[in-house]
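The next block holds one structure in the form of structure tokens; read it before the comments.
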Amino acid sequence: MPSRLSDFSLQRSWVTIGSFDGVHLGHQFLIRKLVEGAHSAGCRAVIITFDPHPAVYFKRVPASNLLSSPEERESLICSLGIDQVITLRFDAEVANLSAEEFVTLMKRHLGLEHLLAGVDFALGKNRTGTIAELTRIGLPLDIHVEVVPPFVLNGQIVSSSQIRQLLQSEQVRAANTLLGRPYSLTGEVVHGEARGSRLGFPTANMQIPSERLLPSNGIYATWAIIDGRPYPSATNVGVRPTFDHSLPAPRVEPYLMDTDGDFYGKELRLEFIEFLRPEIKFPDATSLIKQINQDVEKAREVLEHDA
């Protein structure tokens, strides 16, 4: 659950602040640096992040834009050795804090000694807390501000916005490289219209949180993980244009191979491995079934090499 800084009473901490959406390779680089430095100094490694995402709160990006849920983000961050993840509720109260007020709160409630920040980092209302300003604020409070250079891969700075762009332009493998793992979506398996079953390919209709970013419409080779077990799968992301009434919004529907299990009500995590083809309208069900057979075989081939 989102918190307030006043909920905490920590001693001697190193802190970094950010949205950390997706916890990609750049985030991982910064987090590992924080953990190493904090623990070497005998301090706690603390991350402050936000819910909702500040860019969503200020309506700079659509709400359906996130690479990770708050729970997934926290789990990924903790796996890197962080001692404390603080998810602050981003609301008018937080948005209106000045940089000096925010830093003072961190000193009082987290025992802040060392703040790690990226080159372009800014904190506080109207982003007035630039690196130079934070250094000035920190001096009398005995807080050191350290600038961490951006993480560069193949000549490009790794960023969440770049990953979103790749996922929405059919480049899921490139996005996975920057994430350091397959892009995944998690949702409950719910009842659909059973169109897949009538075609001979029963799919698991996933209920995805509305704030999560869907990859571009198309067919993907995926792993479907249920109760810790991975199933090879071919997944359609889209609106099913072949049928008379296409869907008003895209759905995520994996066909799980090598099982006839009933997974309704189960939580399913879907890992996207490779884009296979765009979603297209077929002239009839026979043509669609023929193509689905080819999709399933292609997905199986991709996943055999991925395993």
Can you work out which of the residues in the stretch 83-93 that are part of a loop (DSSP other than H, G, I, E, B) and more than 19 Å from the chain's Cα centre (by Cα) is surrounded by the fewest Cβ atoms within 10 Å (Cβ to Cβ)?
ASP91
I'd like to verify a number: residues in the stretch 53-69 that are free of Cβ contacts under 8 Å to residues at least 40 places away in the same chain and either outside any loop (DSSP other than H, G, I, E, B) or more than 19 Å from ARG251 (Cβ to Cβ) (or both), how many?
7
Output the number of residues of the stretch 94-136 satisfying the condition of being of a type in the set (A, V, I, L, M, F, W, C), more than 24 Å from the chain's Cα centre (by Cα) and farther than 20 Å from PRO149 by Cβ.
8
Matching residues in the stretch 143-193 (in contact with a strand residue (DSSP E or B) (Cβ under 6 Å, 6 or more places away or on another chain), part of a strand (DSSP E or B) and of a type outside the set (Val, Ile, Thr)) number 7
Of everything in the stretch 147-161, what is surrounded by fewer than 17 Cβ atoms within 10 Å (Cβ to Cβ) and either farther than 28 Å from HIS114 by Cβ or out of contact with any helix residue (DSSP H, G or I) (no Cβ under 8 Å at 6 or more places or on another chain) (or both)? Give them in sequence order.
PRO149, VAL152, ASN154, GLY155, GLN156, SER161
Please go through the stretch 70-105 and give me each residue that is under 25 Å from LEU10 (Cβ atoms) and of a type in the set (Gly, Ala, Ser), ordered by number.
SER75, SER79, GLY81, ALA95, SER98, ALA99
Checklist (1) modelled with pLDDT of 95 or more; (2) crowded, with 18+ Cβ neighbours inside 10 Å applied to GLY18, failing item
(1)
State which residue pairs qualify: first residue touching a residue at least 24 places away in the same chain (Cβ under 8 Å) and over 11 Å from VAL252 (Cβ atoms) and inside the stretch 201-212, second residue of a type outside the set (Val, Ile, Thr) and crowded, with 19+ Cβ neighbours inside 10 Å in any location, beta carbons under 8 Å apart, and separation of 6 or more residues or different chains.
PHE201/TYR255; PRO202/GLY196; PRO202/TYR255; GLU211/LEU66
Given the criteria of a type in the set (A, V, I, L, M, F, W, C), out of contact with any Lys or Arg (no Cβ under 9 Å at 6 or more places or on another chain) and either outside any strand (DSSP E or B) or in contact (Cβ under 8 Å) with a residue 40 or more places away in the chain (or both), does VAL35 qualify?
yes
Within the stretch 7-27, is even one residue without any contact (Cβ under 8 Å) to a residue 12 or more places away in the chain and of a type in the set (A, V, I, L, M)?
no
Matching entry among LEU110, LEU116, LEU80 (being under 26 Å from LEU25 (Cα atoms), at pLDDT 95 or above and buried (at least 19 other Cβ atoms within 10 Å of the Cβ))
LEU116
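Rundown of residues vs (1) outside the structural domain of SER69 (by TED's automatic domain parsing); (2) closer than 27 Å to LEU178 by Cβ; (3) modelled with pLDDT of 95 or more; (4) in contact with a Phe, Trp or Tyr (Cβ under 8 Å, 6 or more places away or on another chain), yes/no style:
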position	(1), (2), (3), (4)
ALA249	yes, yes, no, no
THR259	yes, no, no, yes
PHE275	yes, yes, yes, yes
GLU279	yes, yes, no, no
ILE292	yes, no, no, yes
LYS298	yes, yes, yes, no
Assigned by TED's automatic domain parsing to the domain that holds THR87, out of contact with any Phe, Trp or Tyr (no Cβ under 6 Å at 6 or more places or on another chain) and under 24 Å from ASP91 (Cβ atoms): does that describe THR135?
no
Need the failing condition index for ALA45 against (1) farther than 18 Å from PHE121 by Cα; (2) surrounded by fewer than 20 Cβ atoms within 10 Å (Cβ to Cβ); (3) among the small types (Gly, Ala, Ser), just the number.
(2)
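The values are calculated or read from the model by the stated rules, or taken from the named source; none is laboratory data. Computed from a predicted structure; not experimentally measured. Reconstructed Cβ throughout: ideal geometry from the backbone, glycine too, with neighbour counts over all protein chains shown.
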